[in-house]
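Below is one structure, written out as C-alpha coordinates; comments come after it.
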Amino acid sequence: MADMQQVPESITEIVPNFHVLSLPMVTRFRGITEREVMLFEGPDGWAEFSPFTEYEAVESSRWLGAALEFAGLLPGVARPGATKAGPSGSAAQSGAAQSVAVNATLPACATSEVEPIMAHYGPVGTVKAKVAEYGIDSLPADLERLREFRRLFPTTTLRLDANAGYTLTEALVACAEFAAFDLQYFEQPVTAVEEMAKLREQLADQGLPVVLAADESIRKADDPLRVAELGAAEVVIVKVQPLGGIAAARAVLEACGLPAVVSSALESSVGLAAGAQLAATLPRTPRSRELLGEHPACGLGTGRLLAQDVVGPELSLNPVDGQIPVTRIVPDPQRLERLAVDPGRFDWWSTRLQETWSALRASLLSSGS
Ligand SMILES: [Mg+2]
(Lines give C-alpha, C1' and ligand atoms only; values in the text may rest on other atoms or scores of the structure.)
Protein backbone atom coordinates (compact mmCIF):
# COMPACT_ATOMS: atom_id res chain seq x y z
CA MET A 1 0.00 0.00 0.00
CA ALA A 2 2.73 2.47 0.96
CA ASP A 3 5.17 2.75 -1.91
CA MET A 4 8.56 4.48 -1.82
CA GLN A 5 7.26 7.41 -3.87
CA GLN A 6 4.65 8.30 -1.27
CA VAL A 7 6.99 7.84 1.66
CA PRO A 8 9.82 10.37 1.37
CA GLU A 9 12.95 10.06 3.49
CA SER A 10 12.64 13.59 4.78
CA ILE A 11 9.66 14.47 6.96
CA THR A 12 9.93 18.07 5.73
CA GLU A 13 8.31 16.91 2.47
CA ILE A 14 5.22 15.94 4.47
CA VAL A 15 5.40 18.41 7.36
CA PRO A 16 7.20 21.52 6.11
CA ASN A 17 6.09 23.71 9.01
CA PHE A 18 5.43 23.02 12.63
CA HIS A 19 5.24 24.71 16.00
CA VAL A 20 6.69 23.49 19.27
CA LEU A 21 5.06 24.84 22.41
CA SER A 22 5.78 24.59 26.08
CA LEU A 23 2.52 24.61 28.02
CA PRO A 24 2.83 25.41 31.72
CA MET A 25 0.93 23.05 33.98
CA VAL A 26 -1.17 23.98 36.98
CA THR A 27 0.74 21.57 39.22
CA ARG A 28 3.53 19.07 38.73
CA PHE A 29 2.11 15.96 37.06
CA ARG A 30 3.99 12.90 35.89
CA GLY A 31 7.13 14.68 37.13
CA ILE A 32 6.79 17.63 34.75
CA THR A 33 5.69 21.25 35.15
CA GLU A 34 5.75 22.13 31.44
CA ARG A 35 4.16 20.00 28.71
CA GLU A 36 5.99 20.26 25.39
CA VAL A 37 3.90 19.57 22.29
CA MET A 38 4.49 19.82 18.54
CA LEU A 39 1.59 21.02 16.38
CA PHE A 40 1.22 21.00 12.61
CA GLU A 41 -1.55 21.46 10.09
CA GLY A 42 -2.63 19.20 7.23
CA PRO A 43 -5.59 18.99 4.86
CA ASP A 44 -7.84 17.64 7.63
CA GLY A 45 -6.80 20.24 10.19
CA TRP A 46 -4.37 20.68 13.08
CA ALA A 47 -2.78 17.73 14.83
CA GLU A 48 -0.56 17.18 17.85
CA PHE A 49 2.60 15.08 18.15
CA SER A 50 3.52 14.94 21.83
CA PRO A 51 5.29 11.81 23.05
CA PHE A 52 6.83 12.46 26.46
CA THR A 53 10.39 13.68 26.02
CA GLU A 54 12.02 10.49 27.36
CA TYR A 55 10.35 8.29 24.70
CA GLU A 56 12.65 6.83 22.04
CA ALA A 57 12.05 6.98 18.30
CA VAL A 58 10.37 3.59 17.87
CA GLU A 59 7.87 4.18 20.69
CA SER A 60 7.30 7.77 19.52
CA SER A 61 6.66 6.62 15.94
CA ARG A 62 3.15 5.45 16.87
CA TRP A 63 2.45 8.91 18.26
CA LEU A 64 3.67 10.45 15.01
CA GLY A 65 1.50 8.07 12.98
CA ALA A 66 -1.49 9.25 15.01
CA ALA A 67 -0.68 12.92 14.42
CA LEU A 68 -0.12 12.46 10.68
CA GLU A 69 -3.39 10.53 10.42
CA PHE A 70 -5.37 13.21 12.26
CA ALA A 71 -3.88 15.95 10.04
CA GLY A 72 -4.66 13.91 6.91
CA LEU A 73 -0.95 13.57 6.10
CA LEU A 74 -0.27 9.87 6.61
CA PRO A 75 1.27 8.55 3.37
CA GLY A 76 -0.52 5.72 1.65
CA VAL A 77 -3.74 6.15 3.58
CA ALA A 78 -6.89 6.89 1.63
CA ARG A 79 -8.88 9.62 3.31
CA PRO A 80 -12.54 8.72 2.86
CA GLY A 81 -13.79 12.20 3.73
CA ALA A 82 -11.16 14.05 1.72
CA THR A 83 -13.49 14.86 -1.16
CA LYS A 84 -16.14 16.33 1.09
CA ALA A 85 -16.03 19.80 2.47
CA GLY A 86 -14.64 19.88 5.96
CA PRO A 87 -12.46 17.48 7.90
CA SER A 88 -12.62 13.82 6.96
CA GLY A 89 -14.48 11.48 9.23
CA SER A 90 -15.75 14.23 11.46
CA ALA A 91 -18.34 13.12 13.91
CA ALA A 92 -20.89 15.52 12.50
CA GLN A 93 -20.65 13.89 9.07
CA SER A 94 -20.82 10.33 10.33
CA GLY A 95 -23.79 11.00 12.56
CA ALA A 96 -21.84 10.22 15.72
CA ALA A 97 -22.25 12.19 18.92
CA GLN A 98 -21.31 15.87 18.80
CA SER A 99 -20.10 15.85 22.36
CA VAL A 100 -18.73 13.21 24.67
CA ALA A 101 -19.01 12.86 28.43
CA VAL A 102 -15.84 13.15 30.47
CA ASN A 103 -15.22 12.17 34.05
CA ALA A 104 -14.26 14.60 36.79
CA THR A 105 -11.23 13.61 38.86
CA LEU A 106 -11.24 13.60 42.63
CA PRO A 107 -7.60 13.77 43.75
CA ALA A 108 -6.19 12.45 47.00
CA CYS A 109 -7.47 15.30 49.17
CA ALA A 110 -8.71 15.97 52.68
CA THR A 111 -12.29 14.84 53.33
CA SER A 112 -13.29 18.47 53.89
CA GLU A 113 -12.11 19.31 50.37
CA VAL A 114 -14.35 16.79 48.58
CA GLU A 115 -17.37 19.09 48.47
CA PRO A 116 -15.56 22.25 47.22
CA ILE A 117 -13.56 20.30 44.63
CA MET A 118 -16.71 18.65 43.28
CA ALA A 119 -18.58 21.98 43.30
CA HIS A 120 -15.85 23.39 41.05
CA TYR A 121 -16.71 20.81 38.35
CA GLY A 122 -20.41 21.58 38.24
CA PRO A 123 -22.81 18.78 37.33
CA VAL A 124 -20.97 15.63 36.23
CA GLY A 125 -22.22 12.09 35.71
CA THR A 126 -18.98 10.24 36.39
CA VAL A 127 -16.16 10.80 38.85
CA LYS A 128 -12.79 9.08 39.01
CA ALA A 129 -11.24 9.08 42.46
CA LYS A 130 -7.50 8.60 42.80
CA VAL A 131 -6.53 6.16 45.54
CA ALA A 132 -3.33 4.55 46.84
CA GLU A 133 -1.24 7.71 46.68
CA TYR A 134 0.97 6.12 49.36
CA GLY A 135 -0.05 2.58 48.55
CA ILE A 136 -1.98 0.64 51.17
CA ASP A 137 -0.99 3.25 53.81
CA SER A 138 -3.50 5.59 52.16
CA LEU A 139 -6.40 3.15 52.61
CA PRO A 140 -7.94 4.68 55.78
CA ALA A 141 -7.85 8.18 54.26
CA ASP A 142 -9.10 6.86 50.91
CA LEU A 143 -12.06 5.15 52.59
CA GLU A 144 -12.93 8.25 54.58
CA ARG A 145 -12.83 10.36 51.42
CA LEU A 146 -14.97 7.86 49.47
CA ARG A 147 -17.54 7.72 52.30
CA GLU A 148 -17.78 11.51 52.15
CA PHE A 149 -18.11 11.37 48.36
CA ARG A 150 -20.92 8.80 48.56
CA ARG A 151 -22.66 10.81 51.29
CA LEU A 152 -22.70 13.81 48.95
CA PHE A 153 -23.23 11.92 45.67
CA PRO A 154 -25.01 8.63 46.33
CA THR A 155 -25.85 7.92 42.68
CA THR A 156 -22.97 9.47 40.69
CA THR A 157 -21.01 6.89 38.72
CA LEU A 158 -17.74 6.26 40.54
CA ARG A 159 -14.44 4.87 39.24
CA LEU A 160 -11.24 4.39 41.16
CA ASP A 161 -7.67 4.64 39.91
CA ALA A 162 -4.73 3.30 41.91
CA ASN A 163 -2.11 3.95 39.20
CA ALA A 164 -0.55 0.57 40.04
CA GLY A 165 -0.08 1.61 43.68
CA TYR A 166 -0.69 -1.77 45.35
CA THR A 167 0.93 -5.16 45.56
CA LEU A 168 -1.36 -8.06 44.71
CA THR A 169 -2.03 -8.82 48.39
CA GLU A 170 -2.72 -5.17 49.19
CA ALA A 171 -5.01 -4.82 46.19
CA LEU A 172 -7.19 -7.66 47.43
CA VAL A 173 -7.47 -6.05 50.88
CA ALA A 174 -8.33 -2.69 49.30
CA CYS A 175 -10.88 -4.20 46.88
CA ALA A 176 -12.68 -5.90 49.78
CA GLU A 177 -13.26 -2.41 51.24
CA PHE A 178 -13.89 -0.58 47.97
CA ALA A 179 -16.51 -3.07 46.81
CA ALA A 180 -19.04 -1.35 49.11
CA PHE A 181 -18.90 1.89 47.10
CA ASP A 182 -20.77 0.67 44.00
CA LEU A 183 -17.88 1.14 41.57
CA GLN A 184 -18.13 1.22 37.81
CA TYR A 185 -14.56 -0.06 37.64
CA PHE A 186 -11.16 0.06 39.32
CA GLU A 187 -8.20 1.16 37.18
CA GLN A 188 -4.87 -0.60 37.50
CA PRO A 189 -4.66 -1.62 41.17
CA VAL A 190 -1.40 -3.49 40.48
CA THR A 191 1.42 -3.11 37.97
CA ALA A 192 1.88 -6.24 35.87
CA VAL A 193 -0.81 -7.65 33.58
CA GLU A 194 -0.13 -11.11 35.10
CA GLU A 195 -0.92 -9.67 38.56
CA MET A 196 -4.05 -8.04 37.20
CA ALA A 197 -5.16 -11.45 35.90
CA LYS A 198 -4.46 -13.08 39.30
CA LEU A 199 -6.32 -10.32 41.12
CA ARG A 200 -9.33 -10.84 38.88
CA GLU A 201 -9.34 -14.55 39.69
CA GLN A 202 -9.10 -13.88 43.42
CA LEU A 203 -11.86 -11.27 43.29
CA ALA A 204 -14.08 -13.82 41.55
CA ASP A 205 -13.17 -16.52 44.13
CA GLN A 206 -14.16 -14.19 46.96
CA GLY A 207 -17.29 -12.99 45.18
CA LEU A 208 -16.15 -9.36 45.25
CA PRO A 209 -17.99 -7.33 42.59
CA VAL A 210 -15.07 -5.16 41.44
CA VAL A 211 -14.53 -4.72 37.69
CA LEU A 212 -10.89 -4.16 36.76
CA ALA A 213 -9.71 -1.77 34.04
CA ALA A 214 -6.24 -1.76 32.50
CA ASP A 215 -4.56 1.60 31.96
CA GLU A 216 -0.78 1.53 32.58
CA SER A 217 -0.82 -2.01 31.15
CA ILE A 218 -1.65 -0.50 27.76
CA ARG A 219 1.26 1.37 26.25
CA LYS A 220 1.40 0.12 22.70
CA ALA A 221 -0.75 -1.07 19.86
CA ASP A 222 -1.19 -4.75 20.71
CA ASP A 223 -1.39 -4.40 24.50
CA PRO A 224 -5.22 -4.49 24.54
CA LEU A 225 -5.00 -7.90 22.91
CA ARG A 226 -2.62 -9.13 25.60
CA VAL A 227 -4.92 -7.82 28.34
CA ALA A 228 -7.83 -9.69 26.75
CA GLU A 229 -5.85 -12.91 26.23
CA LEU A 230 -4.65 -13.00 29.83
CA GLY A 231 -8.05 -12.00 31.20
CA ALA A 232 -6.27 -9.19 33.04
CA ALA A 233 -9.17 -6.72 32.92
CA GLU A 234 -12.73 -6.30 31.71
CA VAL A 235 -12.25 -2.73 30.48
CA VAL A 236 -9.32 -1.15 28.64
CA ILE A 237 -8.28 2.50 28.90
CA VAL A 238 -6.92 3.66 25.54
CA LYS A 239 -5.14 6.75 24.25
CA VAL A 240 -5.03 7.74 20.59
CA GLN A 241 -1.34 8.63 20.23
CA PRO A 242 0.30 5.55 21.86
CA LEU A 243 -2.00 3.23 19.90
CA GLY A 244 -0.94 4.82 16.60
CA GLY A 245 -4.07 6.77 15.72
CA ILE A 246 -7.83 6.53 15.50
CA ALA A 247 -7.97 3.79 12.84
CA ALA A 248 -5.34 1.67 14.61
CA ALA A 249 -7.10 2.07 17.95
CA ARG A 250 -10.45 1.05 16.45
CA ALA A 251 -8.87 -2.00 14.81
CA VAL A 252 -7.19 -3.24 17.98
CA LEU A 253 -10.31 -2.64 20.07
CA GLU A 254 -12.39 -4.61 17.62
CA ALA A 255 -9.87 -7.45 17.79
CA CYS A 256 -9.66 -7.40 21.60
CA GLY A 257 -13.42 -7.16 22.09
CA LEU A 258 -13.23 -5.45 25.51
CA PRO A 259 -15.19 -2.29 26.29
CA ALA A 260 -12.92 0.75 26.05
CA VAL A 261 -12.69 4.15 27.68
CA VAL A 262 -10.74 6.80 25.77
CA SER A 263 -8.30 8.79 27.83
CA SER A 264 -5.74 11.52 27.20
CA ALA A 265 -1.97 11.57 27.14
CA LEU A 266 -2.00 15.01 28.75
CA GLU A 267 -2.46 16.71 25.39
CA SER A 268 -3.37 20.26 24.47
CA SER A 269 -6.87 20.81 23.09
CA VAL A 270 -5.59 19.89 19.60
CA GLY A 271 -4.63 16.40 20.82
CA LEU A 272 -7.72 16.04 23.00
CA ALA A 273 -9.83 16.62 19.87
CA ALA A 274 -8.46 13.39 18.37
CA GLY A 275 -9.41 11.54 21.55
CA ALA A 276 -12.92 12.97 21.41
CA GLN A 277 -13.27 11.82 17.81
CA LEU A 278 -12.26 8.27 18.73
CA ALA A 279 -14.58 8.29 21.74
CA ALA A 280 -17.52 9.52 19.68
CA THR A 281 -17.16 6.77 17.12
CA LEU A 282 -16.32 3.72 19.26
CA PRO A 283 -18.68 0.83 18.68
CA ARG A 284 -21.07 0.14 21.57
CA THR A 285 -21.33 -3.55 22.27
CA PRO A 286 -23.89 -5.10 24.65
CA ARG A 287 -21.03 -5.75 27.09
CA SER A 288 -19.93 -2.11 26.88
CA ARG A 289 -23.48 -0.95 27.63
CA GLU A 290 -23.72 -3.34 30.54
CA LEU A 291 -20.45 -2.27 32.16
CA LEU A 292 -20.16 1.38 31.14
CA GLY A 293 -23.69 2.51 30.27
CA GLU A 294 -24.96 4.19 27.13
CA HIS A 295 -22.55 7.15 27.18
CA PRO A 296 -19.37 6.14 28.95
CA ALA A 297 -17.40 9.11 30.25
CA CYS A 298 -13.90 9.42 28.82
CA GLY A 299 -10.76 10.54 30.56
CA LEU A 300 -10.38 13.56 28.30
CA GLY A 301 -10.96 16.27 30.90
CA THR A 302 -7.23 16.82 31.44
CA GLY A 303 -7.16 20.23 29.75
CA ARG A 304 -7.67 21.77 33.16
CA LEU A 305 -4.24 20.48 34.21
CA LEU A 306 -2.72 22.98 31.77
CA ALA A 307 -2.35 26.57 32.96
CA GLN A 308 -2.09 27.63 29.29
CA ASP A 309 -3.62 25.91 26.28
CA VAL A 310 -3.25 26.52 22.52
CA VAL A 311 -6.57 28.34 22.44
CA GLY A 312 -8.31 30.60 24.94
CA PRO A 313 -10.48 29.07 27.68
CA GLU A 314 -13.70 29.71 25.72
CA LEU A 315 -12.48 27.59 22.77
CA SER A 316 -10.53 24.94 24.68
CA LEU A 317 -11.74 21.40 25.25
CA ASN A 318 -12.12 21.94 28.97
CA PRO A 319 -15.29 20.18 30.11
CA VAL A 320 -18.48 22.11 30.63
CA ASP A 321 -21.08 20.25 32.70
CA GLY A 322 -19.13 17.03 32.20
CA GLN A 323 -19.01 17.22 28.37
CA ILE A 324 -16.51 18.22 25.71
CA PRO A 325 -17.47 18.90 22.07
CA VAL A 326 -16.31 16.67 19.22
CA THR A 327 -14.65 19.26 17.05
CA ARG A 328 -11.39 20.36 15.43
CA ILE A 329 -9.24 22.92 17.20
CA VAL A 330 -7.41 25.72 15.38
CA PRO A 331 -4.62 27.10 17.59
CA ASP A 332 -4.63 30.80 18.36
CA PRO A 333 -1.72 32.36 16.35
CA GLN A 334 -0.80 34.64 19.24
CA ARG A 335 -0.52 31.67 21.58
CA LEU A 336 1.61 29.79 19.03
CA GLU A 337 4.06 32.67 19.29
CA ARG A 338 3.79 33.37 22.98
CA LEU A 339 4.11 29.73 24.10
CA ALA A 340 6.84 28.75 21.60
CA VAL A 341 9.88 26.95 23.02
CA ASP A 342 13.34 28.48 22.79
CA PRO A 343 15.47 27.79 19.68
CA GLY A 344 17.43 25.02 21.41
CA ARG A 345 14.28 23.05 22.22
CA PHE A 346 12.90 23.74 18.76
CA ASP A 347 16.04 22.17 17.23
CA TRP A 348 15.75 19.21 19.60
CA TRP A 349 12.16 18.62 18.46
CA SER A 350 13.11 19.05 14.77
CA THR A 351 15.74 16.34 15.13
CA ARG A 352 13.33 14.18 17.06
CA LEU A 353 10.65 14.58 14.38
CA GLN A 354 13.01 13.34 11.66
CA GLU A 355 14.32 10.43 13.78
CA THR A 356 10.80 9.42 14.69
CA TRP A 357 9.73 9.69 11.07
CA SER A 358 12.60 7.40 10.03
CA ALA A 359 11.32 4.77 12.48
CA LEU A 360 7.71 5.18 11.31
CA ARG A 361 8.76 5.16 7.65
CA ALA A 362 10.58 1.85 8.13
CA SER A 363 7.45 0.27 9.59
CA LEU A 364 5.18 1.75 6.88
CA LEU A 365 7.41 0.38 4.16
CA SER A 366 7.72 -3.07 5.72
CA SER A 367 3.98 -3.40 6.42
CA GLY A 368 2.96 -1.90 3.08
CA SER A 369 4.97 -4.13 0.76
MG1 LIG B 1 -5.35 5.57 35.07
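One table, with the values for the structure above:
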{"item": "Under the Debye formula (equal points on every Cα, no solvent term), log10 I(q)/I(0) of the chain at q = 0.06, 0.07, 0.12, 0.14 Å⁻¹", "result": "-0.22, -0.31, -0.91, -1.22"}
{"item": "Projected-area mean, the stretch 215-369, by convex hull of Cα positions, square nanometres", "result": "11.1"}
{"item": "Two-site label geometry, GLU34 and GLU59: point separation in nm, points 7 Å out along Cα→Cβ", "result": "2.2"}
{"item": "Using θ = phi - 60° and Karplus 6.51 cos²θ - 1.76 cosθ + 1.60, couplings along the stretch 140-156 (whole Hz; Gly, Pro as x)", "result": "x, 5, 4, 5, 5, 5, 5, 4, 5, 4, 5, 5, 7, 10, x, 10, 5"}
{"item": "Placed amide H near GLY42: partners under 5 Å, 5+ positions off or other chain", "result": "ALA47"}
{"item": "Distance (nanometres) between label positions extended 7 Å along Cα→Cβ at THR27 and ASP347", "result": "3.7"}
{"item": "Within the chain, percent of DSSP bridges classed antiparallel, to nearest 5", "result": "45"}
{"item": "For the chain, calculated [θ]222 nm from helices alone, where every DSSP H run of n ≥ 4 adds -39500 (n - 2.57)", "result": "-11500 deg cm²/dmol"}
{"item": "Rounded FRET efficiency, nearest 0.05, which uses the C-beta distance separating GLU254 from CYS109 and R0 of 51 Å", "result": "0.85"}
{"item": "Under 5 Å, built H, 5+ apart or other chain: amide partners of LEU258", "result": "none"}
{"item": "Average accessible surface area per residue within the stretch 1-71, 1.4 Å rolling probe, Å²", "result": "46"}
{"item": "Rounded to the nearest 20 debye, dipole of the stretch 91-325 from Cβ charges on Lys, Arg, Asp, Glu", "result": "520"}
{"item": "Gained length - ASP137 relative to PHE153, 0.36 nm times residue gap less alpha-carbon distance", "result": "3.2 nm"}
{"item": "The stretch 98-253, relative contact order in percent, only Cα pairs under 8 angstrom and at least six apart counted", "result": "17"}
{"item": "Length-normalised contact order of the chain in % [C-alpha pairs under 8 Å, at least 6 apart]", "result": "23"}
{"item": "Choice from ALA192, ALA47, ALA260 showing the highest fluctuation, given a GNM over the chain with Cα pairs closer than 10 Å", "result": "ALA192"}
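The values are calculated or read from the model by the stated rules, or taken from the named source; none is laboratory data. Everything quoted here is computed from the prediction, not taken from an experiment. Reconstructed Cβ throughout: ideal geometry from the backbone, glycine too, with neighbour counts over all protein chains shown. Quick note on the areas: whole protein, heavy atoms, side chains included, nothing else; ligands and nucleic acids left out. Shrake-Rupley method; radii C 1.70, N 1.55, O 1.52, S 1.80 Å.
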